[in-house]
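**Student:** I'd like to ask you about the structure that follows.
Since every read-out is calculated from the coordinates, none of them should be taken as a lab result. Note that the structure is a prediction, hence the values are computed from the model and not measured. All Cβ positions, even for glycine, are placed from backbone atoms using ideal geometry, and neighbour counts span all protein chains on display.
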Amino acid sequence: MITISQAVETIVNQRIFIVELLNDGLVNYSSLAKNIKPDVESLLNKKVNDGAIVMSLRRYVSVNKVQTTAKLEKMVRKLGDIIVRSNLADYTFKNSDTLLKKQQKLISLLSTKKDLFYTFSQGVYETTFVLSDIVSKEIPDIFNEERLISYNYGLSSITIKLPAENIDQPGLYYYIFKRIAWEGINVLEVISTTNEFTIILKDKDVDRAFSVIKRLK
């Protein structure tokens, strides 16, 4: 039989956003207690008093606040190189049976040019290409029979190298993106691999976004 404190800890640990808000003192304990009460009672298979949940929440914060914050801050300080590229455009096409062949044609074209930025992200229904706008004039010919969903130009990218252990750290992306959002910066696209991620922004926002990420380190 688990205790109320153990049940509360289990539930809160599953909600990393709540953990950070608790650590920052931005959550009303009584309201949160009411919100998670059904889950606590389900785990314990009995009725629980709101006050007992509030006490468990306060105990949880006092024990975990320093540890959780310290882990995230340590991870962020280990961020690697920050690379900025400009003069980009992105195109989003509806997925089709012929889109892959068009993409292969685009890659063949890009292989003949130097110092170009190119990446793509394929979803269930659509695929987005982000590339140096110097090749924009070739895009209509290559994808002439595909359905263009959206097109943006005047873009820049910021690529951040992540420490290898990032895959085991909950909340790292949230920690970074939260601060970008607080500056009122709109992120148009996010493209990631295991140990790096790239954000695509309007040119007017790239300097502020770079400053935010630099300050985190």
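**Student:** Karplus couplings for segment 74-86 from phi (6.51 cos²θ - 1.76 cosθ + 1.60, θ = phi - 60°), rounded to Hz, Gly and Pro as x?
**Tutor:** After applying 6.51 cos²θ - 1.76 cosθ + 1.60, I find 5, 5, 5, 5, 9, 4, x, 4, 10, 10, 10, 10, 10 Hz.
**Student:** Would you mind checking the tilt of helix 4-13 against the longest principal axis of the Cα atoms of the chain, expressed as 0 to 90 degrees and rounded to 10?
**Tutor:** Value to nearest ten degrees: 10.
**Student:** With the crude spin-label approximation of a point 7 Å out along Cα→Cβ, what separation in nm comes out for I82 versus L100?
**Tutor:** It works out to 3.9 nm between the two label points.
**Student:** Give, as a single signed number, the net charge of other residues whose beta carbon lies under 10 Å from the beta carbon of N87, with Lys and Arg counted +1 and Asp and Glu -1. Mind dumping the intermediate values first?
**Tutor:** Values: positive: R85; negative: D133, D203.
Once all neighbours under 10 Å are counted, the net charge is -1.
**Student:** Sticking with this structure for a sec: Which residue, chosen from L22, I180, P38, occupies the Cα position most advanced towards the positive end of the dipole of the chain, where the dipole is computed from +1 (Lys, Arg) and -1 (Asp, Glu) charges on Cβ about the Cα centre?
**Tutor:** L22
**Student:** Dipole magnitude of segment 39-175 about its Cα centre, charges +1 at Lys/Arg Cβ and -1 at Asp/Glu Cβ only, in debye to the nearest 20?
**Tutor:** Details: 19 positive and 16 negative charges, 112 e Å.
Charge dipole of segment 39-175: 540 debye, to the nearest 20.
**Student:** I would also like to ask the following. Using the Kirkwood radius built from alpha carbon pairs, what does the Stokes-Einstein equation give as D for the chain at 4 °C and 1.567 mPa s, in µm² per second?
**Tutor:** Numbers: Rh = 20.4 Å.
It diffuses with D of about 63 µm²/s by this estimate.
**Student:** Still on this structure, please answer the following. Springs between alpha-carbon atoms under 10 Å, Gaussian network over the chain: tell me which of E165, E20, E189 tops the mean-square fluctuations.
**Tutor:** Maximum fluctuation in the GNM of the chain, among the listed residues, is at E165.
**Student:** Output needed: percent of Cα pairs per 5 Å distance bin for segment 173-216, bins running from 0 to the one holding the longest distance.
**Tutor:** Distribution as computed: 5, 21, 36, 27, 10, 1 percent.
**Student:** Could you check how many percent of all C-alpha pairs in segment 4-77 are farther apart than 14 Å? Each step should come with its number before you reach the end.
**Tutor:** Values: 1567 of 2701 pairs.
Here the long-distance tail beyond 14 Å is 58 percent of all Cα pairs in segment 4-77.
**Student:** While we're looking at this one, here's another question. What list of ³J(HN,Hα) couplings, whole Hz, do you get for segment 129-141 from phi and the Karplus terms 6.51, -1.76, 1.60, once you set θ to phi - 60° and write x for glycine and proline?
**Tutor:** 10, 10, 8, 4, 6, 5, 9, 4, 5, 7, 4, x, 6
**Student:** Now for a different question. For segment 84-176, go through all pairs of different Cα atoms, get the mean of 1/r, take its inverse, and jot down that Kirkwood value in Å. Please list the in-between numbers first.
**Tutor:** Working: mean 1/r = 0.0675 Å⁻¹.
Computed over segment 84-176, the radius equals 14.8 Å.
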